[in-house]
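The structure under discussion appears below in the form of structure tokens.
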Amino acid sequence: MKTIRCLLTGLGNIGRTFLEILPAREARLREQYGVELKFVGVGDSSGTAISPDGLDIAAIVALKNERRGVANLPGVGRPGGNLLEMVETTDADLLLEATPTDIETGQPGLDLVRAAFRRGMNVVMASKGALVTAFDELAASSDWNGDRTKPALRFSGAVASALPSVNIGWRDLAGGEIKSIEAVLNGTTQVMLTMMREGKTYDEALAEAQRIGVAEPDPTLDVEGWDAANKLLILANAVLRQPTKLSEMSVTGITGVTVADIEAASANGGALILLCKAEPGPDGRFALSVAPTAVPAEHPFSRLGRKESGIVYESDIFGRMVALNLGQGPTGTAAAMLRDTLSLYGK
Ligand SMILES: NC(=O)c1ccc[n+]([C@@H]2O[C@H](COP(=O)([O-])OP(=O)(O)OC[C@H]3O[C@@H](n4cnc5c(N)ncnc54)[C@H](OP(=O)(O)O)[C@@H]3O)[C@@H](O)[C@H]2O)c1
């Protein structure tokens with residue numbers, strides 16, 4: 001039995017859900033994978049809670065469900081405790097990183113991951129900021145470039161939640177040459193386009209998506225295509241291994257999509273989707289784009305449902321590989337963090 005000492009940074013939708021799905025799985029983790037997870041440090045915006053003997057997961061979840069910070073945990077809470085200091089000073093094997101994504105600076109995740117690597121910890125990320133802004137650096141400091149003596153970096157939940165978008169590309173198509181990628185990676189726009197297919201205008205679909213909590217009060221990142229573009233950027237850098245910047249990608253969101261566009265695309269069984277694409281460009285590099293695109297009835301994405309995401313890889317020796325995921329909200333991302341953890345430590 002291996003006991004994995006974990007640090008968890010960020011206890012919002014994803015971090016809290018990760019802790020919530022664990023207790024029911026403890027026996028399976030022990031019996032099937034030979035591991036148990038011991039949380040020696042956790043942190044949110046209130047501060048940190050640290051205990052080398054292991055923190056009480058149920059107490060943390062209860063506190064977060066009361067919308068209180070972990071600094072309030074009796075005996076172990078540290079009001080104002082700093083996440084970076086926790087990673088720099090607490091002995092652990094694995095950092096699970098789930099703080100908010102900042103695609104301009106990569107912070108706070110970037111400095112947390114750097115500190116973990118300096119200390120030889122493996123890292124599993126849900127946040128995207130550091131992957132978008134500093135992928136080359138993270139790959140060079142970790143096992144991603146093939147040096148297994150370095151700490152491991154995994155982030156299968158950062159690109160469309162539970163959809164195995166990263167894993168298929170870097171693991172299951174290993175040894176082949178990827179010819180192209182097509183993907184639907186943004187949940188908000190897929191929900192809105194599906195609502196428009198059912199008769200709503202763009203404005204009605206956006207208002208409804210905001211009402212049910214699918215779209216942010218400021219939906220710009222989603223509806224203008226930037227969230228999808230950031231995910232495609234991670235695939236370009238991490239899977240296609242093509243160093244790419246956002247400025248090199250062609251990005252068009254769904255703000256200009258009309259009901260007439262949807263109807264035209266839906267005729268004969270097709271659909272309009274926000275399609276992320278990597279295809280061979282004229283200069284020998286992949287051309288990367290995000291744009292509303294009509295796909296025909298025979299395309300795997302033509303029947304993609306309201307909460308579904310998907311990816312299609314074309315490889316020279318593996319052929320066409322398709323994955324679809326009916327989303328489970330934050331649970332899907334938490335599940336992806338668990339699979340990453342088991343891929344590192346499971347027997
Ligand atoms: N939500 C999804 O479905 C999804 C899917 C894939 C990837 N992701 C990524 O996963 C990450 C977490 O998402 P989420 O939905 O869980 O976000 P969230 O609900 O906003 O949670 C963020 C957590 O980080 C803490 N935090 C924020 N700023 C902090 C700071 N400066 N120092 C310390 N702690 C800080 C918050 O503290 P408080 O609890 O005290 O507010 C909260 O616990 C994001 O990077 C997101 O892009 C999310």
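The values are calculated or read from the model by the stated rules, or taken from the named source; none is laboratory data. All values reported here derive from a predicted model rather than from experimental measurement. Cβ atoms come from the backbone with ideal geometry, glycine included; neighbour counts cover every protein chain shown.
Taken across the range 30-38, residues that are within 27 Å of G80 (Cβ to Cβ) and either exposed (fewer than 14 other Cβ atoms within 10 Å of the Cβ) or not hydroxyl-bearing (S, T, Y) (or both) do occur, with at least one present.
Pairs meeting the criteria (first residue in the range 10-34 and under 22 Å from S45 (Cα atoms), second residue assigned to a loop (DSSP other than H, G, I, E, B), beta carbons under 6 Å, at least 6 apart or on different chains) are G10/A98; G10/T99; I14/A98; I14/A126; G15/A98.
Within the range 233-256, restricting attention to residues that are surrounded by fewer than 16 Cβ atoms within 10 Å (Cβ to Cβ) and small (G, A, S), the residue that is farthest from the chain's Cα centre (by Cα) is G256.
Do we have A58 as touching a helix residue (DSSP H, G or I) at 6+ places or on another chain (Cβ under 9 Å), more than 26 Å from G129 (Cα to Cα), in the same structural domain as T341 (by TED's automatic domain parsing) and surrounded by fewer than 20 Cβ atoms within 10 Å (Cβ to Cβ) here? It is true that A58 is touching a helix residue (DSSP H, G or I) at 6+ places or on another chain (Cβ under 9 Å), more than 26 Å from G129 (Cα to Cα), in the same structural domain as T341 (by TED's automatic domain parsing) and surrounded by fewer than 20 Cβ atoms within 10 Å (Cβ to Cβ).
Just a yes or no: is a residue in the range 195-209 closer than 22 Å to E104 by Cβ and buried (at least 21 other Cβ atoms within 10 Å of the Cβ)? Looking for residues that are closer than 22 Å to E104 by Cβ and buried (at least 21 other Cβ atoms within 10 Å of the Cβ), one finds none in the range 195-209, hence no. Among the conditions (1) outside any strand (DSSP E or B); (2) more than 19 Å from G332 (Cβ to Cβ); (3) small (G, A, S), A24 misses just one, which is (2).
The requirement of being surrounded by fewer than 23 Cβ atoms within 10 Å (Cβ to Cβ), farther than 20 Å from R154 by Cβ and touching a Leu at 6+ places or on another chain (Cβ under 7 Å) is fulfilled somewhere in the range 80-101, by at least one residue. The residues of the range 1-47 that are away from the ligand (no atom under 16 Å from the Cβ) and aromatic (F, W, Y) amount to a single one, Y33.
D143 meets the conditions (1) free of Cβ contacts under 8 Å to residues at least 12 places away in the same chain; (2) farther than 24 Å from G346 by Cα; (3) of a type in the set (D, E) in every case but one. The failed one is (2). Filter the range 131-152 for residues that are touching a Phe, Trp or Tyr at 6+ places or on another chain (Cβ under 9 Å) and within 16 Å of the ligand (Cβ to nearest atom) and give the result. L131, F135, L138, listed by residue number. Has the range 156-172 got any residue that is farther than 24 Å from V124 by Cβ and acidic (D, E)? No, the conditions are met nowhere in the range 156-172. Counting the residues of the range 153-179 that are of a type in the set (A, V, I, L, M), over 19 Å from G106 (Cβ atoms), crowded, with 16+ Cβ neighbours inside 10 Å and more than 14 Å from the ligand (Cβ to nearest atom) gives 3. When you look at P108, is it near the ligand (Cβ under 8 Å from one of its atoms), touching a residue at least 24 places away in the same chain (Cβ under 8 Å) and not polar (S, T, N, Q), yes or no? Yes: the conditions hold for P108.
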